[in-house]
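**Q** Okay, handing you the structure first.
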Amino acid sequence: MPTPEDYVRWVHKNTMNWGTWQPNEPMDLGDIGYFTRAKMFEPTDLNIEELLGKQPKPGSKHEITDCIIGKHKNFDISGYGKGGVAGVGSSLTVSIGKETGCLLYIAHGYTQKLRKIEPLLSRMRDAVLARDWRLDYVLVGKRLVVSDGFAVLFNEGNASLTFTAKARLVVNQSVGAALKAGAGFQSSTGEVDFYTLRGKSTPTFGCAWRVRRDLRDALFGGRANRAAVQDLVFGGGGAPSITEEEILNHSPHWLFEKHYQFDALP
């Protein structure tokens, strides 16, 4: 049975972005949180405007449509209608065979990221030095917002979903083409978790800025991996081997990173 960690790992492998759990949760640009040991992103109640001095400004939106991501290249698909053609209102069934797995489908949505990141990183650096920023905190710099779509966890072999087709579908065509033509959720068999994505659902996010992993021990002044998130601040473990002056002598980009692998978390 896939776990939430399996799902977010799968999202990262297929998109190189981070998956929210649950997939239909909303997320704003500039949200602050941290990754738990179970690889989940845990939002904090920090007010970014108070912490960083201003609300980050988003850039332009980039519309995306008809994007489908699955664990396998081809899911099994079958339609029901005369002569092998499913008519309007006919059923469309998607199954994953004998394995467990995940499916993420975006019919309509957009990506958006923060602009003018340099001043924002500068304020984050100031927050680190003021011990207001935990060294494991993450700033969300890019997000996918979905107004129409769904995410699915097939929790056992031979589980399936059945949709009501909204257009004529050819039996055994690709799942992507079938869903692109339009389909509404009807029923499921087996253990299936189904999440409807609409409105402000944010199934993935990226450009997750955090303090560089290789600097944490030096900034903390001890073994950072032994500290709880709330205690993980600059100098919190004793005498840091990197001074405030050294930090200020570098650009803010020196202190932070945004590209890192799933297995490097938390």
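The values are calculated or read from the model by the stated rules, or taken from the named source; none is laboratory data. The structure displayed is predicted, hence computed values, not measured ones. Neighbour counts are summed over all protein chains in view; Cβ atoms, including those assigned to glycine, are modelled from backbone coordinates with ideal geometry.
**Q** Just to be sure before I move on: is Gly83 surrounded by fewer than 19 Cβ atoms within 10 Å (Cβ to Cβ), of a type outside the set (S, T, N, Q) and modelled with pLDDT under 85 in the structure I sent? Don't jump to the end; show me each part of the working.
**A** Values: surrounded by fewer than 19 Cβ atoms within 10 Å (Cβ to Cβ): yes; of a type outside the set (S, T, N, Q): yes; modelled with pLDDT under 85: yes.
In short, yes.
**Q** Residues in the stretch 114-124: is at least one touching a residue at least 40 places away in the same chain (Cβ under 8 Å) and within 17 Å of the chain's Cα centre (by Cα)?
**A** Within the stretch 114-124, one or more residues are touching a residue at least 40 places away in the same chain (Cβ under 8 Å) and within 17 Å of the chain's Cα centre (by Cα).
Residue-wise test of (1) aromatic (Phe, Trp, Tyr); (2) in contact with a strand residue (DSSP E or B) (Cβ under 6 Å, 6 or more places away or on another chain).
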site: Arg9; (1), (2): no, no
site: Met16; (1), (2): no, no
site: Trp21; (1), (2): yes, no
site: Glu25; (1), (2): no, no
site: Asp28; (1), (2): no, no
site: Asp31; (1), (2): no, yes
site: Arg37; (1), (2): no, no
site: Met40; (1), (2): no, no
site: Asn47; (1), (2): no, no
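Here's the yes/no breakdown for (1) surrounded by fewer than 21 Cβ atoms within 10 Å (Cβ to Cβ); (2) touching a helix residue (DSSP H, G or I) at 6+ places or on another chain (Cβ under 7 Å); (3) farther than 19 Å from Lys200 by Cβ:
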| site | (1), (2), (3) |
| --- | --- |
| Met1 | yes, no, yes |
| His12 | yes, yes, yes |
| Trp18 | no, yes, no |
| Asn24 | yes, no, no |
| Leu29 | no, no, no |
| Thr36 | yes, no, yes |
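**Q** Say we look at the stretch 21-37 and pick out the residues that are in contact (Cβ under 8 Å) with a residue 40 or more places away in the chain and within 25 Å of Ala224 (Cβ to Cβ); which of these is farthest from the chain's Cα centre (by Cα)?
**A** Going residue by residue through the stretch 21-37, those that are in contact (Cβ under 8 Å) with a residue 40 or more places away in the chain are 22-37.
Next cut, within 25 Å of Ala224 (Cβ to Cβ) only: 30-37.
Working: Gly30: 14, Asp31: 13, Ile32: 14, Gly33: 13, Tyr34: 13, Phe35: 11, Thr36: 14, Arg37: 16 Å.
Checking each candidate, the answer is Arg37.
**Q** If Gln230 meets every condition in (1) over 25 Å from the mean Cα position of the chain (by Cα); (2) closer than 20 Å to Met40 by Cβ; (3) in contact (Cβ under 8 Å) with a residue 24 or more places away in the chain apart from one, which number is that one?
**A** Status for Gln230: all satisfied but (1).
**Q** Moving on to the next point. Going by what's in this entry, would Arg216 be described as in a strand (DSSP E or B), among the basic types (Lys, Arg) and surrounded by 14 or more Cβ atoms within 10 Å (Cβ to Cβ)?
**A** On the way: in a strand (DSSP E or B): no; among the basic types (Lys, Arg): yes; surrounded by 14 or more Cβ atoms within 10 Å (Cβ to Cβ): yes.
In short, no.
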